[in-house]
Each structure stands twice: as C-alpha cells, then as structure tokens.
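The values are calculated or read from the model by the stated rules, or taken from the named source; none is laboratory data. This one's a predicted model, so the numbers in the text were calculated from it and none came from an experiment. FYI the Cβ positions are ideal-geometry reconstructions off the backbone, even for glycines, and counts take in every protein chain you see. In case anyone asks, the SASA skips ligands and DNA or RNA and just uses the protein heavy atoms, side chains included. Shrake-Rupley method; radii C 1.70, N 1.55, O 1.52, S 1.80 Å.
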There are 4 protein chains.
Amino acid sequence: MLKRIDINCDMGESFGVYKLGRDPEVMDYISSANIACGWHAGDPMVMEQTVRMAKERGVAVGAHPGYPDLLGFGRRRMDLSLAEIEAYLLYQMGALAAFAKAHGLPLQHVKAHGALGNLAFVDLEASKAIARAAVRFDKNIIFVALAGTVMVQAAKEVGVRCVEEVYADRVYNPDGTLQSRKISGSVIHDPEKAARQALMIVREGYVIAHNGTKVPVRPETLCVHGDTPSAISILQKINDDLKKASISVTPMGR
Amino acid sequence: MLKRIDINCDMGESFGVYKLGRDPEVMDYISSANIACGWHAGDPMVMEQTVRMAKERGVAVGAHPGYPDLLGFGRRRMDLSLAEIEAYLLYQMGALAAFAKAHGLPLQHVKAHGALGNLAFVDLEASKAIARAAVRFDKNIIFVALAGTVMVQAAKEVGVRCVEEVYADRVYNPDGTLQSRKISGSVIHDPEKAARQALMIVREGYVIAHNGTKVPVRPETLCVHGDTPSAISILQKINDDLKKASISVTPMGR
Amino acid sequence: MLKRIDINCDMGESFGVYKLGRDPEVMDYISSANIACGWHAGDPMVMEQTVRMAKERGVAVGAHPGYPDLLGFGRRRMDLSLAEIEAYLLYQMGALAAFAKAHGLPLQHVKAHGALGNLAFVDLEASKAIARAAVRFDKNIIFVALAGTVMVQAAKEVGVRCVEEVYADRVYNPDGTLQSRKISGSVIHDPEKAARQALMIVREGYVIAHNGTKVPVRPETLCVHGDTPSAISILQKINDDLKKASISVTPMGR
Amino acid sequence: MLKRIDINCDMGESFGVYKLGRDPEVMDYISSANIACGWHAGDPMVMEQTVRMAKERGVAVGAHPGYPDLLGFGRRRMDLSLAEIEAYLLYQMGALAAFAKAHGLPLQHVKAHGALGNLAFVDLEASKAIARAAVRFDKNIIFVALAGTVMVQAAKEVGVRCVEEVYADRVYNPDGTLQSRKISGSVIHDPEKAARQALMIVREGYVIAHNGTKVPVRPETLCVHGDTPSAISILQKINDDLKKASISVTPMGR
C-alpha cells in the first residue's frame, strides 16, 4: 500500500481579461500544478501569478504545453511533424521554466494538453517526440504518462524519468483505457464516487472498470479535473479520505 | 587598447515559410547572436536551427525579446505596464533558453528588440523592468545596454551584469546618442567606413560624431546589422581589420 | 424633445472557450450592438452567434474594431500608421459584415474599441483614418462619434454619416468630456442615477457635469456598459423610464 | 473549343515585413487572383495593396481562405467542426470583400487554401461547409472546385455557382486526380510542357495522365503556381500560346 500520492491538476488557463478555472481554490488541494504555457491557454502574467501561488502553497510546478491554437483551446488535432512537436514542447517548457526559475522552483514535470495529449496516448512516435523534448530540456524532469498507454513505452525508449497517472474522476474501460468522454457519464461528478475510486487506486492498486472488472494500476499521481462544477468538492473529499488513511499528498518529484 | 571585442547581430528572424536575413553567412563573422524568441519574429523551429548553427560556429547565444506584435515586427510601440514588460521578457528568455539548454549552451545575454529596445534607451523604469527580468532569470546573464543610455543606470540599480554596446554601422550624435534613422545616411553602408568606425571604437576608444566631435566610448560589444545589403561585406571587413590589429572577436560572456 | 433614441452596447467579446459578458440578457434592452471583430476580442463562431441573436431580437449590428491585441483586449495603445489603422478597420468591418450579410442584415455602424477609440477622441488624423475606412466600406454606414470630440469633425471632413453618442453611465466634465476612469466614481453603477442621466439627456438635452454645470448634448445614441455588475439593472431602468416617457428605443440607423 | 479561359493564381501571401511571391510580375499574366485573407498568410496592408494592384491590371479578385495557422502557412490539417469551417470562411471572405468594396470591385470567387483545400477535395461535408459559407455570403459568388473532386458535387447540393479548375502545371493520374506532390516530378517546371498541357486542356478538352491516358476535362479556369522558380516563364508561355490560338484570358466571372 502506498504511503503517499501526488494529485495533479491543470492550472493557469486564463488569458488576458479572460478568466478560466478556480485556481486559488483548487491550489489548496493538489500537490502538482500543470501550468498552461501561453499557446492553447495562459499568458506570461498568468504564468507569473500561477507559479507564485504554487510556490506559496507548496505545490510543485510542471509545464502543460499544447497546440498553437488558442482559438480551439488546444483541443483540435493539428497535423504537426515530429520535429515540430519536439520544438514546440521545448519552447513551452522553457517559457514556463523561466517563471519557475524566477521563483526559485525547479520545473518538476511536463504533461501534454488536450488533443496533443490524446495523440500521445495512442501514437508512439508523437509520445517519443514529447519525451525527447523533455529529456533534452532536463534529464531529471518527469514525463507524466497516462497509465496503460504507449506513453510509458515512449518514456522507456527515450530514457526519460516517467510517472504514470490515473484519473480519479474518469470511468475506465476493462482494458485500462479511459472510457470516451463522448459516452455520457464518463466523467465522475459525484465526490463520494471519485474519492472512493481514488482511495481504491492508492490503497488497493486497482480501479473498477464500468463492467465491474478490476484493473490493476500503480500510479504515482492522480489527475483530477479542476474545471468541473464539483471539482472543489471532489478534491476536498479525496484529500480528507487520503488523510484519514494516513496517505500524504506529496508532489511526484519529491 | 582592447585585445578583444564581441560582435553581436540579430539572428533567427524567419517565421514559418517566411525567410528573413542571411543567418548562415552572417554567423561566420559574429561572436554573439541575438536570437528572436517567437513574439516579434522567430518560431520554435527557427530557434532550434539558429541555436544549433550558433553552437556549430562557436557563437554565443542570447535572447532578443520584443513586443507581442509579429504583424509589426516588434517595431511599433505598445503601452505595456512594467509588470507586463517583465513577464513578457521572462517568457521569451525562457523559451530561447530551452533551445540553448537542449544544445548544451548557456543563455549568455539578453537584448531588447525594436520599439521595446528604443523605449529602454530613454525610459529608466522600462529598462529596469527588462533588467529585473534578466536577473530574476539568471543572476549571471548579461544585460546588453546601448552605451550612453539610461539602460546602463538601470543595470546598476537592478544589479544585473551589464555589457555596453556601440554600433559599428550607425552615425552618432555629439552627445553619444544614435542619430535618428529618419535622417538620411544615419546607417553606414560603406564597409570601409563601418570598419574604420569599428576599429576606432575598439583601438582608440571613441567614435567621431557627424559634426566631427570625438565621443569617448568603451564598449565590450559592437553591434552590426545583419539585414542590410552590405552586411556581409561590412562584417568581413571589420573582422579582417580586427584580425590585422591582433584584436580577437570573442563572445562578450567569455 | 426626442421621440426616439438608440441604446448601444458592446457585444460578442467572448473568444473560444473564454466567455465574457452577459450578451443574451443585455440584448433585450438595446437597439444597436457593437460587435467585436476577432482582433481584440470575438471570433467567427461568436460573431455568427451574436449576429444571429441580434437579428432575432431586432437589434441592429455594427462593427466594434480594435487593435490587433487579444492579449491586452485592445486596451493598450499601439503606434500604428494611419494607413494601418485604415486597413485594419476595413478588414474588421468586412469580417463582421459577412455575418451580417449571411443573416440578411446591413452593417449599420462602426465604433472603435478601447485604446483605439480613446485615440480617436483626441487625434483628428486617427479619427479621419477610421472615418475613411467607414466611408470606403459603405457610404451609408454610420460612424459613431463620442459627442464633443474631434471624431465629429473627422466625420465632417471625411464626409461620413455620423451619429453622436453620450454615455448614460459615465460622469462628465464641465467641458463635455468624460471624467477619467482613473478618478473613482467616474462610472455610474446606480441604476436610478444612470436612468436619470439618460432621461435628462434625451428629454432635456443636457447632462449635469460633476460640478453641477449643465452641459448641452444632442445625442442620437446612448452608450451603456454591458459588463458592469449592475448593467442589467441599469439597462432595465433606462428602458422602463424611456417607455414611460413615450420615447422609443430604436436603432440609430432607422 | 473554348474561346476564352481564366487563369487563377494565389496572391497576397506576404505578411508584415515578410515578403513572399512575385505578385507584381505574376499579376500581368493572370485574370483571377486568389488573395490570402490574413489567417494562413496575408495581412490588411497586403490585402489593400494586392486588391489595388489587381484592379489596376484588370484582374478579378477572390478570397483564398485557410486555416488559422500562420505558423504552418495553412498547410497543416486541423480538426475543425463543420460549423467552424463555415464561420471561418465567412470571416475571411468578408475581410477580403471589404478591400474589394473599397476599390469598387466585387468578390468574384472563393477558393480554399492548402490543407483546407486538400480536405475539400475528398470530404464532401467539409466541401459543403465551404460552399454554404460562399452562398450565404453572396448567392452570385463563384465557388472554385477542383475538377473531378467532391467539391463539384458539394456545389450542386448547396446550390452555389461553381467553376471547375484544372492545373496547368501539375501531373494528373488516369482517374483525373492530381498526382501526389510527394511523387517527384508531380509539379511541372518546364514552361513548354506546362503550356502544352494548358493548350490541350483548353483546345482539346483533355489532359494526358502520367501513364498516357487521355482524361477529359472542361475547366473554366486554369490554376498556375506563382511561387515556383519558373512561374513567370510558364505564365508567359501559356499566355503567348493562348493568344496565338485566339483564346482570350478572361476572369471566370465575366
């Protein structure tokens, strides 16, 4: 049984006058922040503020790079070459790392956003391009991989430090993949249910798929959405239950 | 008399399919490259290639950040707050530094581009915002200041390492400021003339202003434009003449 | 005494996933919508939806063009040439007009946004560049000018149809200019007060400046902010009071 | 045998300080200009200049809209919804039409650029979204369809005026599709060969595919690339040969 687990959440997705998310509230319940890098969301002022807030709360910071598509919030697949993916990731990691450096923090991890992340789940070469960017940037940086996807293999092949993540608030298929969001009910909004799944993952080492199958998982980080209506309730409940179980919420890199 | 001098030049200003400048040729005659960071010019693929080329030629790399105005090539003044200037500079330095890191190079210096640079010449608070970004990013980074401007004072007040630059191919006013580009003939296109000015700066420690006044200068770096028709001829001639005078062309940071 | 008046309000300022304003509510209380054109705010999907909604509610549509600065919401002055202002305005008017055409509506008016609008208040040449773009686009389009500014003169010189606007919810100086927003209390948030000012403008033909001076005004359109906390209350109250006074709220172009 | 034919070419692809293409030279040899609309290339100043030049030379203007991807020049497929395609096309057509209106010209046609064009060749629903945008913008506008693709069917289903185009400088497959650019030699650079293909298309009504098959075609417009090294020679030769054959080069819309 794990004695500690990380909780990661997407942060810093506001842009200029446009506000998105409830970062100041969410930040109290997570240990790692995936911070947007100004391409699909975020801007330098938002990055500065988000990193400052993370530091104040003892939350570790990571880059959350995406496609160059603010208009589509990085959720629309773009046909990039592998060299482009690698260069775009380096750019975004570097941009965020500047704010981390300015605040005396390391860049703990990198986790691809949106449609780029979805591509990485299923495309080994794209995953490797992301992993190459990560390891070229910093050989100690953590590449966050969705458990059960080719991302784990990509990390191995490229030789980057890898941490596997499992979703506390998503429904799983029996083969360990995420049930498509297109299927109604695939995102868990009930805090009790999400917390139960989180605890089962951390304490028992499995999730129960939608058909009842027990799927073994061994994550080092739990992902929770920060932008759903029940996000704060879910995060509170998970934190409370982990505390009762004497499992500490600790950044993945420590 | 100086035994060494740096030559810096703007590089990496292409964008996507759009090509600008003659980087592969210019790179042979300079010791420091001011590389665009994707805001007023440049993109991640161009940054990757430019840093790679700089490394191959032994040229040190620096960030050349500008306004978020690709359409205006960063040459149009924008009314930013000081906090915005600082954050925008951090972002761009970090983005370029990622490519430097990936190629095993330090980020040697930062030099503001275009209208932001022009603002820094005359606005102490804007200069200090740039200097603050520099020192927050890396206490050893060099802040390139135009000799005789408030940038030098800004560097002192902020406590950032500062290197003063003088232009080899610009006409000077008797007070040490640059003659406005709006006055015809303010950019020197004659290689002989530019090289003579360069040598006088380095060997004698002064430039002759347009009215004949000797203006004392003690730069550690010479700036030469890379995008004028005679750029290569000017750079060759300056390099040749410096070599004859046993003055080595060496990156400012070494 | 006027029997009719127009009420205009900025609309369509959302962008991608980012939502701004309360357009569906505001739209019920106005007769002219100033719709963002995708540069400082807005995007084609938002423009399509906003024009559709305007048509359904019988609201006339106008272009609300701004600087190419989404990051700054068009609120930061940019040093553009007059030719650039003219071309940028044509571009944005045309883009919005396409959606108007697609819905069978004319483009009734154009009103510059943010820092570009502020420039137009005080810079005759910039105002004329905007007016030229308007009249080149359509000789029947209405150029909305802030009453008492050089915009009115610009319209005359260029020969564009002009409608003067007065703010229902802004405090005025004795010389008829707007009291700077930097002075606390310069935006009126009290519905009673705003409605009283609106009625006085329409029925009596003057506003009372902050020092009690009566400033004569003869607007054809009232501007009300749609993004303040009390916007809906202000708009409701103004509409109610105008109705009681048998003054109809009618698009400026009819 | 045709007595007239249109020649269309992509124009106005410069952006800010970045220059692309040889528009002033090419403009003398074409009758219809496909003008970039500021998304994948072009900007308002370039659009203004390009439309003015077209008017001076008697060349008809059309919109050449593309993906919102300046960095990739619109050559990278993006997964847009049909509603997005339709709205993005309306926006870009409108933007260009403003310059046409300002110069007293109608917007003659619309032709999708790059990866969006490639999608339209093979995806009926995407083609129909483009055609819907066209007909909603103006029921008389011409939708340029690559002969032999689903675009022709899309035009019919949507009810938009359609003109089929054939490439003078591309090699054809026996089934009437274009040989992929990935196959070496698929773009014809020899002026003699291109002109021969052009004449055969116009006079005889067929192209000879790479395997010798005669493919019947009945285009109303010939597309020629303006950005290849031999573009001007090809255009000159085609113009000369058409003239000798007493076939006039006339805008498709006249």
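Sorted shortest first, the distances from the residue A:216 label point to those of the same residue in the other copies are 6.8, 7.9, 9.1 nm; each point sits 7 Å from Cα along Cα-to-Cβ.
The apolar share of the surface of the protein assembly as shown, taken as the fraction of accessible area on carbon and sulfur atoms (1.4 Å probe, ligands and nucleic acids excluded), comes to 50 percent.
Across identical copies of the chain, residue A:140 has label-point separations of 1.6, 7.1, 7.1 nm, listed in ascending order, with the point defined 7 angstrom from Cα along Cα→Cβ.
Length gained on full extension, residue B:189 to residue B:55: 45.4 nm, using 0.36 nm per residue less the C-alpha separation.
Where Lys and Arg each count +1 and Asp and Glu each count -1, what net charge lies around residue D:49 among other residues with Cβ under 13 Å from its Cβ? Summing Lys/Arg as +1 and Asp/Glu as -1 gives -3. Taken residue by residue and averaged, Cβ atoms of other chains lying within 10 Å of the Cβ of B:7-20 number 4. The charge dipole of region B:196-254, taken about its Cα centre with unit charges on the Cβ of Lys, Arg, Asp and Glu (plus for the first two, minus for the last two), comes to roughly 180 debye.
Near residue D:118, within a Cβ-to-Cβ distance under 11 Å, what is the net charge of the other residues, with Lys and Arg +1 and Asp and Glu -1? Summing Lys and Arg as +1 and Asp and Glu as -1 gives +2. Ordered from largest to smallest accessible area (heavy atoms of protein chains, 1.4 Å probe), the residues C:69, C:138 come out as C:138, C:69. Once C-alpha pairs closer than 8 Å and six or more residues apart are averaged by separation and normalised to the residue number of region D:165-254, the relative contact order reads 32 percent. As a length-normalised measure over Cα pairs under 8 Å and 6 or more apart, the relative contact order of chain D settles at 22 percent. Rolling a 1.4 Å probe across all protein chains gives residue C:184 an accessible area of roughly 110 Å². In the full protein context, the protein assembly as shown carries 37 Å² of accessible surface per residue, based on a 1.4 Å probe and ignoring ligands, DNA and RNA. Summing +1 for each Lys or Arg and -1 for each Asp or Glu among the other residues whose beta-carbon sits under 14 angstrom from that of residue C:160 gives +3. Distances, shortest first, from the label point of residue B:179 to those at the same position in the other copies read 5.2, 5.9, 7.7 nm; the point lies 7 Å along Cα to C-beta. Averaged over the residues of B:34-44, the number of partner chain Cβ atoms lying within 10 Å of the residue Cβ comes to 3.
Accessible surface of residue D:180, taken over heavy atoms with a 1.4 Å probe and every protein chain present, rounds to 50 Å².
What is the protein assembly as shown by shape, rounded, prolate or oblate, if you read a ≥ b ≥ c off the alpha carbon gyration tensor as root eigenvalues and call it rounded for a/c under 1.5, prolate for a/b larger than b/c, and oblate otherwise? It comes out rounded by the Cα gyration axes. Over what distance in Å are the Cα centres of region C:44-110 and region B:7-35 separated? If you average the Cα positions of each part, the centres end up 38 Å apart.
By Cβ position, the chain C residue that hugs the axis carrying C onto A most closely, with its distance in whole Å, is C:18, 2. Given +1 at the Cβ of Lys and Arg, -1 at the Cβ of Asp and Glu and no other charges, the dipole of chain C around its Cα centre is 520 debye to the nearest 20. Only protein heavy atoms count here; under a 1.4 Å probe, residue B:9 has an accessible surface of about 0 Å². For region D:152-227, trypsin sites (Lys or Arg not before Pro) are listed when DSSP marks them as loop and at most 16 other Cβ atoms sit within 10 Å of their Cβ; the list is D:181, D:182.
Beta-bridge orientation, the protein assembly as shown: approximately 20 percent antiparallel, per DSSP, counting only bridges with both partners inside.
Its Cα centre serving as origin, the protein assembly as shown has a Cβ charge dipole (Lys and Arg +1, Asp and Glu -1) of approximately 0 debye.
Note on chain C: dipole from Cβ charges, positive end direction compared against C:107, C:94, C:41; the farthest Cα belongs to C:107. Buried accessible surface for the D/B chain pair comes to about 1200 Å², total over both chains, computed with a 1.4 Å probe.
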